[in-house]
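Right, one structure below, let's go through it.
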Amino acid sequence: MVERFAAADVIRAKRDKGVLSPEQIDWVIDAYVRGVVAEEQMAALAMSIFLNGMNDDEIVQWTDAMIRSGERMDFSALDRPTVDKHSTGGVGDKITLPLVPVVAACGAAVPQLSGRGLGHTGGTLDKLEAIKGWRAGLTAEEMFNVLQEVGCVICAAGPGLAPADKKLYALRDVTATVESIPLIASSIMSKKIAEGASGLVLDVKTGSGAFMSDPLQARKLAETMVRIGNDSGVRTKALITAMDVPLGLMVGNALEVQESVDVLAGGGPADIIALTVTFAREMLELVGLTDIDPAETLRDGSAMDVWNRMIGAQGGDPAAPLPVAKHSQQILASNGGVLTQLDALKVGVAAWRLGAGRARKEDPVSAGAGIQIHAKPGDQIAAGDPILTLYTDDEDRFAGALSALDGATDIGPTGTPITRLPLIIERIG
Ligand code: URA
């Protein structure tokens, strides 16, 4: 086959701050998947994009080329409208778990393809795998059947979905080219658009525990993704939300499943309930289902019923006890006063070091490891009160977690003003 371009010319154009043509972008993505563009050439191009950016047309074309590298799912045969949510990830961010059954209980179908955690933010699949028997890997037919019967499914993306992104993401991970708005936006949106939902609500997190700790960068990422989604025919909105403090009171796989089940049972922490209900309203509005109050599905048990059926349909036993870590250690308040700080990033890194997360893609995670939070910023505490409980299966991990938590909390005199980001910062789209 005669190649239409030479990789070095495409790299040179971007290196010299040029604009890539649609033909160049289509070719480079396709040739990369075919192995004609070598890893080192794509690494050089990714770094040129990282340094010099892409304009809106280039980003849309790049995303589209990555979608066309694989299959595009089609749920138009379902008897309900499809809508999904994606979070850029945060510490204690288990919102997908209660949200998906809530939205299905209100009448929409939610085909949620999720990932595993890498680094300090957890992955939805790792969390659900804490449930005995639950399977993340479904065939396209199994996925469709669960969706049709239950109204929602959470599973792993198959190898055929945006394969260009899979290859490129692994390369970016080892070449320091992840933190680029055009590359992040096209990576996330290629998978979400290929997934075939007709509506999408994005949760773009900002604050110390988020990918985009700077709110201005978070807004830029949100605007870019909303534009890509709407240009591709997927109705897309984004909320920018706080990730300066961990969400809820549990961080870790089984711990977060337990907290999600508490929310589905009508309890749970206020921030998790608020985000679940807010995202559910946004998703339902996108597909025109505005006559049901999602909060009601938490009160009347209908969301819990959907959850039990979804877990069961994927081989899980929703009634089985969740794994508990072998060892625990409490961190106590050295003095009384008001908790003024609980840093999301430090808590996330500590939970990861306790075994809740993985350093390399192939590492296993511990289901029981993590951190229980006893006090959040603004809470009054007395000397000796527990602030955190650390859980791990391997006692040797406590030292690393404790050093990650150095400076994570601060206690000030009663009345000290607390500076926290608002839970929902901005709505885009
Ligand atoms: N998540 C993705 O899927 N891709 C990125 O580039 C970053 C986060």
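The values are calculated or read from the model by the stated rules, or taken from the named source; none is laboratory data. This one's a predicted model, so the numbers in the text were calculated from it and none came from an experiment. Backbone-built Cβ (ideal geometry, glycine too); neighbour counts: all protein chains shown. In case anyone asks, the SASA skips ligands and DNA or RNA and just uses the protein heavy atoms, side chains included. Shrake-Rupley method; radii C 1.70, N 1.55, O 1.52, S 1.80 Å.
Which of (1) open to solvent by less than 50 Å² (accessible area, probe 1.4 Å); (2) over 16 Å from the mean Cα position of the chain (by Cα) does A136 not meet, given it meets every other one? Of (1) open to solvent by less than 50 Å² (accessible area, probe 1.4 Å); (2) over 16 Å from the mean Cα position of the chain (by Cα), only one is false for A136: (2).
For the stretch 172-180, the criterion of being in the same structural domain as K220 (by TED's automatic domain parsing), assigned to a helix (DSSP H, G or I) and within 19 Å of the chain's Cα centre (by Cα) is met by at least one residue. Among the residues of the stretch 391-408, those that are open to solvent by less than 50 Å² (accessible area, probe 1.4 Å) and within 21 Å of D244 (Cβ to Cβ) comprise A401, A404, L405, G407, A408. Test V91 against the stated conditions and say whether it is among the β-branched types (V, I, T) and under 22 Å from the mean Cα position of the chain (by Cα). Yes; evaluated as a whole, the condition is true for this residue. One residue stands out among those in the stretch 81-119 that are assigned to a loop (DSSP other than H, G, I, E, B) and at pLDDT below 95: the one that is farthest from L345 (Cα to Cα), which is G115. Annotation: K237 fulfils all but one of (1) in a helix (DSSP H, G or I); (2) out of contact with any Lys or Arg (no Cβ under 6 Å at 6 or more places or on another chain); (3) of a type in the set (D, E, K, R); the unmet one is (1).
Among (1) part of a loop (DSSP other than H, G, I, E, B); (2) within 12 Å of the ligand (Cβ to nearest atom); (3) closer than 18 Å to G70 by Cα, there is one condition G160 misses while meeting the rest; what is its number? The failed condition is (2).
Within this structure, D93 passes the test of being acidic (D, E), within 16 Å of the ligand (Cβ to nearest atom) and touching a strand residue (DSSP E or B) at 6+ places or on another chain (Cβ under 9 Å).
Restricting attention to the stretch 1-57, the residues being under 25 Å from L221 (Cα atoms), of a type in the set (F, W, Y) and free of Cβ contacts under 8 Å to residues at least 40 places away in the same chain number 0. With respect to the stated conditions, L168 fails to be more than 16 Å from the ligand (Cβ to nearest atom), assigned by TED's automatic domain parsing to the domain that holds S114 and buried (at least 20 other Cβ atoms within 10 Å of the Cβ). Remark: pairs (first residue in the stretch 128-143, at positive phi and part of a loop (DSSP other than H, G, I, E, B); second residue buried (at least 16 other Cβ atoms within 10 Å of the Cβ) and at pLDDT 95 or above; Cβ separation under 6 Å; 6+ apart in sequence or on different chains) = G133/G316. State whether one or more residues within the stretch 120-127 are within 16 Å of the ligand (Cβ to nearest atom), open to solvent by 10 Å² or more (accessible area, probe 1.4 Å) and touching a Phe, Trp or Tyr at 6+ places or on another chain (Cβ under 6 Å). Yes. Within the stretch 108-135, being touching an Asp or Glu at 6+ places or on another chain (Cβ under 9 Å) and either in the same structural domain as L405 (by TED's automatic domain parsing) or farther than 23 Å from D173 by Cα (or both) holds for A109, V110, P111, Q112, A130, I131, K132, G133, W134, R135.
Take the conditions hydrophobic (A, V, I, L, M, F, W, C), part of a helix (DSSP H, G or I) and in the same structural domain as A218 (by TED's automatic domain parsing) and apply them to L45. Does it pass? Steps first, answer last, please.
Working: hydrophobic (A, V, I, L, M, F, W, C): yes; part of a helix (DSSP H, G or I): yes; in the same structural domain as A218 (by TED's automatic domain parsing): no.
Against the criterion (hydrophobic (A, V, I, L, M, F, W, C), part of a helix (DSSP H, G or I) and in the same structural domain as A218 (by TED's automatic domain parsing)), L45 does not qualify.
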